[in-house]
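Every number here is computed from the coordinates shown, using simple stated rules; none is lab data. Since the structure is predicted, the reported quantities are computational estimates derived from the model, not experimental observations. Cβ placement follows ideal geometry from the backbone for every residue including glycine, while neighbour counts extend to all protein chains displayed.
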Amino acid sequence: MVRVRYAPSPTGALHIGGARTALFNFLFARHHRGRFVLRVEDTDQTRLVPGSEAAMMAGLKSLGLTWDEGPDVGGDFGPYRQSERLSLYRRYLEQLEAEGKAYRCYCTPEELQAERERQRAQGLPPRYSGRCRHLSATERAARAGRPSVLRLKVPEGGTTVVDDLIRGPVRFEHAVLDDFVLCKTDGTPVYNFAAAVDDHAMAITHVIRGEEHLSNTPKQILVAEALGFALPQYAHVPMILAPDRSKLSKRHGATSVEEYRAQGILPEALVNYLLLLGWSPPDGNELMSLEQAVAAFDLQRVQHTAAIYDQKKLEWMNAQYLRRLSLERVIEALGPFLAAAGVDPGGGPPLAAAVALTRERARTLAELADQLTFFYRAPERYDLEGAAKYFRHPDTAERLEALAERLQPLAAAWTALALGEAFEELAREWGVKRAEIIHPVRLAVTGRTVGPGLFELMEVLGPGACLDRIRRAAQAIRQGVVGR
Ligand code: GLU
C-alpha cells in the first residue's frame, strides 16, 4: 500500500511551498488509495515557533488536505512528533556505533572552524577531514567523557544514486560527501538521520518533497543502507520561484496560506492554483476541484523545471471560483470581509441577490465585500472624477429630480425591466442618449462609476433607497457640494 508523508518542521506559518508539497502527497495517497501521514519534525528545539504546529494543521485543513495518521489523530506508526520518538533514534544510533558504522567525533567547534578555514584558504570546499574516524583505541579512551557527536562512516569511494521518479537517476560521489553528523552532543538526532529512520519506521513507500531536499537524499539513503532498511522511492518536486526567478518572498505577494486567506483568496482557488505549480493536467483544463485532481494526479506530469509563481494567475483563478462556487459558499467565506468593510447585511437587500450581481466583477473576497458596500450603505461621497464628468451638466439636478418623480410610481413593480423602459422613455423625451441618464444615476445611487448593470442593481436595492439617493444627489448638486 502506498504510504506518503508530509513532514513539516514547526518553525513558522504554512507557506505555499509546504502547502504544495502537502497537496502533492495528499493527491498521490488518495489517487492510489494509500495513506497520507503527517509527521512533525520538531527535534531542533532551537528553531521551534510556539503555535506553529497548530497553525500548520489549520492551514492544511483549510485547504481540504486531511491526513490519515498524525499527532492529532494517531495511527499505528506513532508517535508522529519526532520529539516523542527519541528512544527509537537512540536505539539506532547505538546500533550504528556498535557495528562500527558510525563513530564518535570529539572535535570542538573551534577545531572544526579552523579546519574549514584552512580548506578555504587552499581553495577546497569545506568538508570534515575524518580526523576522529581514524582515532586509535587508546586515543579514543583518552577522550571518553568529552562532548562528542556521532558521525556516519560514509564509504570512501563510490557513488550513491538517487533514482528520482521525476528527475531520473541523480548521482552523488561519496568523495564530496563528508562523514556527516547523525546526532548532536546532547544526543538529539539531526534531520537526515531522523527522517531516514522515520521513513522506514513509518513504512513510507514514496518520499515526495521539494527539490531543495535533493542534496539530503544521498545522506538519508546512506543512513538507511547502514541500518539495513529497504529504500522508499523518491520524488523531488520543483522549486517555486518568483517571476524574476529569485526566491519567492513577501514582496511578490503573500507567501503563507493564512495571508492568502486574509487577502480574500478562497481556499478552493488556492489549492487549485498550487496544483498547477509544477503539475499540468492531462486535458489542459486547469480548473479542477480537489476530487478531480485526486482522479487525475500522477507524478509523470510533474515538471522538472522550476514553477514560476504568478499572482495575476492566482487572482484569475480566484475570480473563476468566486463565479462558480455556490452562493452559499461564497457568502460563508465573505463574512469576515464584510465585517472588515463595516458592512452589516442585516437591514439591506438579500445578500445572495447582491452577491449574485456583483461576484463576476471581483477577483478577491476583499474586493467583493468592497463592491457590495453600496447595497447596505448610501454613498458617503461620490467618485471625484465621476462627479466632475457626470454631475457637471447644468441640467443634472433637475433631471435627477424628474427621474425620481417618474420612477416613484414604479415602486410597487420595481423590476429591472420596468426601470429600463422608464429610462428609455425619458431619454426619448429629453432627446438624450440613455447612457447620459445612466451614468449620473449610477453615481448617485452607488457613488461609483463602475459596477453591475444599473437596472439590476436598482431592482435589488429597492425603490426606497434608490429614490432617496437620487434625490440626495440632486440636492448635493444644487448646493454645489459636488459636480462643480
Ligand atoms: N522537516 C523537513 C522540512 O520541513 C522535511 C523534509 C522532508 O520532507 O524530508 O523541510
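Of the peptides 245-252, 464-471, how do they stack up when ordered by the mean number of other Cβ atoms within 10 Å, highest first? It would help to have the intermediate numbers written out before the result.
Working: 245-252: 11.1, 464-471: 18.5.
My ranking of the peptides, most packed first, is 464-471, 245-252.
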### Summary
Cys residues of the chain with no disulfide-compatible partner (no other Cys Cβ under 4.7 Å) are C107, C183, C466
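Could you line up Y128, Y6 from fewest to most neighbouring Cβ atoms inside 10 Å?
Working: Y128 20, Y6 25.
Ranked by crowding around the Cβ, least crowded first: Y128, Y6.
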### Message
Given an 8 Å cut-off on Cα distances and at least 6 residues of separation, report the relative contact order of the chain as a percent.
### Response
12 percent
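Relative to the compact globular guide of 2.2 N^0.38 Å, what is the alpha carbon radius of gyration of the range 1-41, as a ratio? Please report the intermediate quantities before stating the final value.
Working: Rg = 10.5 Å, N = 41, 2.2 N^0.38 = 9.0 Å.
For the range 1-41, the normalised Cα radius of gyration is 1.17.
Give the residue list of chymotrypsin sites (Phe, Trp or Tyr not before Pro) in the range 258-342 that are DSSP loop and have at most 15 other beta-carbon atoms within 10 angstrom. Intermediate values should be presented prior to the final figure.
Numbers: sites: Y260, Y273, W279, F297, Y309, W316, Y321, F337; in loops: F297, Y309.
Of the chymotrypsin sites (Phe, Trp or Tyr not before Pro), not one in the loops of the range 258-342 has a Cβ with at most 15 other Cβ atoms within 10 Å.
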#### Entry: E212 paired with S136, simple spin-label distance in nm, labels 7 Å along Cα-to-beta-carbon
4.7 nm
### Task
For the range 322-378, report the translational diffusion coefficient in µm²/s to the nearest whole number, using Stokes-Einstein at 20 °C, 1.002 mPa s, and a Kirkwood Rh over Cα pairs.
195 µm²/s
### Query
Just going by the charge dipole of the chain, with Lys and Arg at +1 and Asp and Glu at -1 on Cβ, which of V294, L372, T305 is farthest out on the positive end?
T305
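Before anything else, pin down the relative contact order of the range 140-202: Cα pairs under 8 Å, at least 6 apart, normalised by residue count, whole percent. If you can, show how the numbers build up before the last one.
Details: 67 pairs, mean separation 19.7, N = 63.
Relative contact order here is 31 percent.
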## Note on the structure
Of the residues G431, A144, P71, the Cα lying farthest along the dipole of the chain towards its positive end, which is defined by charges on the beta carbon of Lys, Arg, Asp and Glu, belongs to A144
### Message
Just to compare against my own numbers: the Cα pair-distance distribution for the chain, 20 Å bins, whole % per bin, please.
### Response
19, 38, 23, 14, 5, 0
### Query
Once you charge only the Cβ atoms, +1 for Lys and Arg and -1 for Asp and Glu, what is the size of the charge dipole of the chain about its Cα centre, to the nearest 20 debye?
880 debye
## Note on the structure
Quick calc: nm separation of the 7 Å Cα→Cβ label points for E421 and L112 -> 8.6 nm
### Entries in K61/K313; K313/K433; K61/K184; K101/K184 that, when Cα-Cα distance is taken, lie over 28 Å
K313/K433; K61/K184
### Task
Find how many whole Å separate the alpha carbon centroid of the range 374-444 from the alpha carbon centroid of the range 67-115.
74 Å
### Message
Placing +1 on the Cβ of each Lys and Arg and -1 on the Cβ of each Asp and Glu in the chain, which of P409, A319, V4 has its Cα farthest towards the positive end of the resulting dipole?
### Response
V4
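Rounded to the nearest 500, what is the 222 nm mean residue ellipticity of the chain from helices alone, with -39500 (n - 2.57) per DSSP H run of 4+ residues and division by all residues? Don't skip to the answer; put the middle values down first.
Details: 20 runs with 223 residues, N = 484.
Calculated from helices alone, the mean residue ellipticity at 222 nm is -14000 deg cm²/dmol.
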